[in-house]
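S.K.: Structure provided below as structure tokens; questions to follow.
Nothing in this text is a laboratory measurement; each read-out follows from the coordinates by a stated rule. Fair warning: this is a prediction, and the values are worked out from it, not measured in the lab. Glycine gets a Cβ as well: all are built from the backbone with ideal geometry, and neighbour counts include every protein chain shown.
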Amino acid sequence: MKKIVISIFSILWGIVLFAQNNENRWSESQAKSWYEKTGWLSGCNFIPSTAINQLEMWQSESFDTATIDRELGWAHSIGFNSMRVFLHHALWQQDAKSFKQRIDQYLSISTKNQIKTIFVFFDDCWNESYHLGTQPAPKLGVHNSGWVRDPGGLLYQEPLLVDTLRNYVVDILNTFKDDARIALWDLYNEAGNSNYKLKSLPLLKKVFDWSRTVTLSQPVSSGVWNPELKEINTFILQNSDIVTYHDYQAKEKHLITIDTLKKYNRPMVCTEYMARRNNSTFKELLPILKENHIGAINWGLVAGKTNTIFAWDTPIKDGKEPKLWFHDIFRANGTPYKKDEIEVIKKYTLED
């Protein structure tokens, strides 16, 4: 989801390789036992093609269960077993009970399609402002033109919002703490993005603290994504139960990332990859992720209102479909963008 692509190899500079003792963090043996039981995770970051952002996905008036069911069925058909899905605090703040009911409904649909879920709480990417109700139409040819941050700059304008955020996180975790339909909790997506940098560290620390007040059956994590954010990376790698990361680079540099993060001796899940323009492709990366037993969660399933077939930094003003899609696998009618790509995916997801 980021606009920069740099190697995580330098992530070790300036950080402690072996995590400090954290009595609330899962032990290495707990984390490995969880992964042995869960198995190899393969899937994508999911939002239905009819939603432009997290709010449109989850609001009652636009919660499109038919599309969710249909598109998760396509995911299951190619062997995917997990989806990474973004929540938003504004939905809980509006009506916590109804929001949790829709989460439960989503989980029922995903389970019907034999798919587990990775839920994401906070996010520092894309648009800073947001509102409930009708969401903006997509901008022609612009990648993720309607995606919104959570909580974004509102936290710095309204410091008391932190109390709402704490109650939101703890309530959701308590409600679903023993739910086997959930694979893991991703507490904060790309902390420090949008030039927030260390401004995001206090909330990152808080959300980990809040998660530790709940006895969870699922692990918690946050993905490392930018080697320049050394203090954030240090905290994440010392406090996550499992290692998660984002890497949109080609095979050679991705292998360096893997070798670097393996040293933390915990299960690994790549929660964002696959940008065809960068040669971050299924053909190049699924074999090495499967071989190393690293979960493989690419960005994008079905082309739709998020416009993620267009590249981060290369808008197409007339909205014409690019010859080379940036993300996504299927068209909205269920036909694949590339049939040979589907065969590559199935080779690794459907084999024993």
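S.K.: Take the residues of the stretch 65-115 that are hydroxyl-bearing (Ser, Thr, Tyr) and surrounded by 21 or more Cβ atoms within 10 Å (Cβ to Cβ): which is nearest to residue 176 (Cα to Cα)? If you could, list the steps in order and put the result at the bottom.
M.R.: Residues of the stretch 65-115 that are hydroxyl-bearing (Ser, Thr, Tyr), as a first pass: 65, 67, 77, 82, 98, 106, 108, 110-111.
Right, trim to surrounded by 21 or more Cβ atoms within 10 Å (Cβ to Cβ) and you get 82, 106, 110.
On the way: 82: 17, 106: 13, 110: 15 Å.
Across the stretch 65-115, the extreme among qualifying residues is 106.
S.K.: Report the residue count in the stretch 33-88 for those that are assigned to a helix (DSSP H, G or I), under 30 Å from residue 129 (Cα atoms) and of a type in the set (Gly, Ala, Ser).
M.R.: If we filter the stretch 33-88 for residues that are assigned to a helix (DSSP H, G or I), which is where we start, we get 33-38, 54-58, 60-62, 65-77.
Those left that are additionally under 30 Å from residue 129 (Cα atoms): 54-58, 60-62, 65-69, 71-72.
From what's left, of a type in the set (Gly, Ala, Ser): 60, 62, 66.
Count: 3.
S.K.: A follow-up question, please. Please specify each residue of the stretch 91-128 satisfying the condition of being touching a His at 6+ places or on another chain (Cβ under 7 Å) and among the hydrophobic types (A, V, I, L, M, F, W, C). Let's see the steps before the verdict.
M.R.: Our first condition is that a residue be touching a His at 6+ places or on another chain (Cβ under 7 Å); within the stretch 91-128, this holds for 113-115.
Passing the criteria: only 115.
S.K.: Hey, among the residues in the stretch 103-125 that are touching a Leu at 6+ places or on another chain (Cβ under 8 Å) and assigned to a loop (DSSP other than H, G, I, E, B), which one's nearest to residue 241 (Cα to Cα)?
M.R.: 115
S.K.: Could you list, in sequence order, all residues of the stretch 293-314 that are surrounded by fewer than 16 Cβ atoms within 10 Å (Cβ to Cβ) and either part of a loop (DSSP other than H, G, I, E, B) or under 21 Å from the mean Cα position of the chain (by Cα) (or both)?
M.R.: Start the filter on the stretch 293-314 by keeping residues that are surrounded by fewer than 16 Cβ atoms within 10 Å (Cβ to Cβ), which leaves 293, 313-314.
Listed by number, the residues that qualify are 293, 313.
S.K.: Being out of contact with any helix residue (DSSP H, G or I) (no Cβ under 8 Å at 6 or more places or on another chain) and over 23 Å from residue 260 (Cα atoms) is true for just one of 209, 186. Which residue is that? Steps first, please.
M.R.: Numbers: 186 fails: over 23 Å from residue 260 (Cα atoms).
Every option except 209 fails the conditions.
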